[in-house]
1. T202 - would you say it is crowded, with 21+ Cβ neighbours inside 10 Å, within 13 Å of the ligand (Cβ to nearest atom), more than 24 Å from R130 (Cβ to Cβ) and touching a residue at least 60 places away in the same chain (Cβ under 8 Å)?
2. Out of (1) under 30 Å from V200 (Cβ atoms); (2) open to solvent by 30 Å² or more (accessible area, probe 1.4 Å), what's the single condition that is false for L264?
3. A397 - would you say it is buried (at least 20 other Cβ atoms within 10 Å of the Cβ), in contact with a Gly (Cβ under 6 Å, 6 or more places away or on another chain) and not β-branched (V, I, T)?
4. Check off (1) open to solvent by 10 Å² or more (accessible area, probe 1.4 Å); (2) farther than 21 Å from L274 by Cα; (3) within 21 Å of the chain's Cα centre (by Cα) for R178 and give me the number that stays unchecked.
5. Picking from R97, R129, which residue would you name as being assigned by TED's automatic domain parsing to the domain that holds S299, farther than 19 Å from I230 by Cβ and either without any contact (Cβ under 8 Å) to a residue 12 or more places away in the chain or basic (K, R) (or both)?
6. Among residues belonging to the stretch 318-333 that are touching a residue at least 60 places away in the same chain (Cβ under 8 Å) and assigned to a loop (DSSP other than H, G, I, E, B), point out the one that is nearest to the chain's Cα centre (by Cα).
7. Touching a Gly at 6+ places or on another chain (Cβ under 9 Å) and open to solvent by 10 Å² or more (accessible area, probe 1.4 Å): is that true of G128 in this structure?
Amino acid sequence: MNPVSAEQQALLERYRSSHIGVFGLPGLVLSHGDGAYVHDVDGNRYLDLLGGIAVNALGHGHPELVAAISRQAGAAVHVSNFFTTPAQIEAAEALLRICAAPTGSGVFFCNSGSEAVETAIKLSRRTGRREIVAVGGAFHGRTTGAVSLTHKEAYRAPFEPLLPGVTHVAPGDAAALRAAVGPDTAMVLLEPIQGEAGVVPTPPGYLAEAREITREAGALLVLDEIQTGIGRTGAWFAHQLEGIVPDAITVAKGLGGGVPIGALVTFGPEVTGLLTAGQHGSTFGGNPLACSAALAVLSTIESEGLIEHAVEAGDFLVDRVESLDHPLVTGVRGAGLLRAIRLARPIAPASTAIARRHGFIVNPVAPDALRLAPPLIITTDQLATFVDALPAILDEADKETA
Ligand SMILES: *Cc1c(COP(=O)(O)O)cnc(C)c1O
């Protein structure tokens, strides 16, 4: 693959001089995508194994998504929340159906994951309790409330003081959770698989224990399914594989297939009734364009059997990577098509740069872990091209960082 052209460099320079620098300098200027591939402005093609960070569930340019958005754009892109639309109603009903939510459950639509978490925080306040328990390594977003529940010091420290009453306990440790939850605990917030922490699954049985602990204490159990939801881990939502029913879940990322939409889903009338008229809102939340995208994503995942495919493709990936028997690979963790390839040495950043030169987009989620969260439509043949290239990528990265 060619190095970035002078034209692309010039565009990146214009990016630098026109943006607040919170993302650093982007790696590429992308022009378009098709299926599981993206293309940069120089005409290079990359297999998108990150899927816009678990967002592009249907890949790029999926005809069902394009048709739904186009149709809705011609009808109405936005109406205020003084009114509603068939798209909004149908999207909420579809979301409740895939949640297997009981009668009296409800959806609040917003525009991002962080906003869904903010909604959960406000919901929890309505219990009359003040404290929130989250876990070490947790990532729940970047808005001020959500970052209070996020654990990473570098994301929090510059913005203190944050929300009071937040405790982080050791992840995966049910005894520590039990000790931290008390009569003033409003909510326990957990990711079924910690995404930004490095695709780290909670231990088997932990979510069930968390359910028991919160029920006994009268606290809400809210699961952050923003990265794990929408079919990515082998069920509509990861908690369904554990057979538990939370009080609420946060959803975003894959829900709109790339169109910004988030949601809080509350389970049952008691939790749903905590937020009443006038207590929350969003100008764009529930707009018909985003809702039509969500509907198309959910119906296409169903009609194309993409949840079953995520399981098969995920198993295929793990088998292939393990059978490389490469000394720099120590294993693969995660579920379905949310995975991290564990590396023996901290060469994930170098491997990511080299993978890109080989035509693959991956993410160094930790110094020693490469995250893969590809579109659910990725084929096993496409995954195989990456696994075949992996030994050369890792060897090159190892040499470079030695
Ligand atoms: C991405 C993510 C968020 C934040 O979502 P934004 O849309 O970036 O605000 C929150 N929680 C988890 C688990 C996420 O992966």
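1. On the way: crowded, with 21+ Cβ neighbours inside 10 Å: yes; within 13 Å of the ligand (Cβ to nearest atom): yes; more than 24 Å from R130 (Cβ to Cβ): yes; touching a residue at least 60 places away in the same chain (Cβ under 8 Å): no.
Here the answer is no, as T202 does not meet what is asked.
2. Condition (2) is where L264 drops out.
3. Values: buried (at least 20 other Cβ atoms within 10 Å of the Cβ): yes; in contact with a Gly (Cβ under 6 Å, 6 or more places away or on another chain): no; not β-branched (V, I, T): yes.
Judged against the criteria, A397 is not a match.
4. If we test R178 against (1) open to solvent by 10 Å² or more (accessible area, probe 1.4 Å); (2) farther than 21 Å from L274 by Cα; (3) within 21 Å of the chain's Cα centre (by Cα), just (3) comes out false.
5. Working: R97 fails: farther than 19 Å from I230 by Cβ.
So the residue among R97, R129 that is assigned by TED's automatic domain parsing to the domain that holds S299, farther than 19 Å from I230 by Cβ and either without any contact (Cβ under 8 Å) to a residue 12 or more places away in the chain or basic (K, R) (or both) is R129.
6. Taking the stretch 318-333 as the starting set, the residues that turn out to be touching a residue at least 60 places away in the same chain (Cβ under 8 Å) are 320-321, 324, 326, 328-329, 333.
When the remaining residues are screened for being assigned to a loop (DSSP other than H, G, I, E, B), the result is 326, 328.
Working: H326: 29, L328: 27 Å.
So, considering only residues that are touching a residue at least 60 places away in the same chain (Cβ under 8 Å) and assigned to a loop (DSSP other than H, G, I, E, B), the one nearest to the chain's Cα centre (by Cα) is L328.
7. Details: touching a Gly at 6+ places or on another chain (Cβ under 9 Å): no; open to solvent by 10 Å² or more (accessible area, probe 1.4 Å): yes.
No; evaluated as a whole, the condition is false for this residue.
Yes/no matrix, rows are residues, columns are (1) within 16 Å of the ligand (Cβ to nearest atom); (2) of a type in the set (S, T, Y); (3) assigned by TED's automatic domain parsing to the domain that holds P374; (4) open to solvent by 30 Å² or more (accessible area, probe 1.4 Å):
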site: A138; (1), (2), (3), (4): yes, no, no, no
site: E153; (1), (2), (3), (4): no, no, no, yes
site: L163; (1), (2), (3), (4): yes, no, no, yes
site: P171; (1), (2), (3), (4): yes, no, no, yes
site: D184; (1), (2), (3), (4): no, no, no, yes
site: M187; (1), (2), (3), (4): yes, no, no, no
site: E191; (1), (2), (3), (4): yes, no, no, no
site: A197; (1), (2), (3), (4): yes, no, no, yes
site: E212; (1), (2), (3), (4): no, no, no, yes
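The values are calculated or read from the model by the stated rules, or taken from the named source; none is laboratory data. Just so you know, these numbers come straight off a predicted model, no measurement behind them. Neighbour counts are summed over all protein chains in view; Cβ atoms, including those assigned to glycine, are modelled from backbone coordinates with ideal geometry. To get the accessible areas, we keep the full protein, side chains included, count just its heavy atoms, and leave off ligands, DNA and RNA. Shrake-Rupley method; radii C 1.70, N 1.55, O 1.52, S 1.80 Å.
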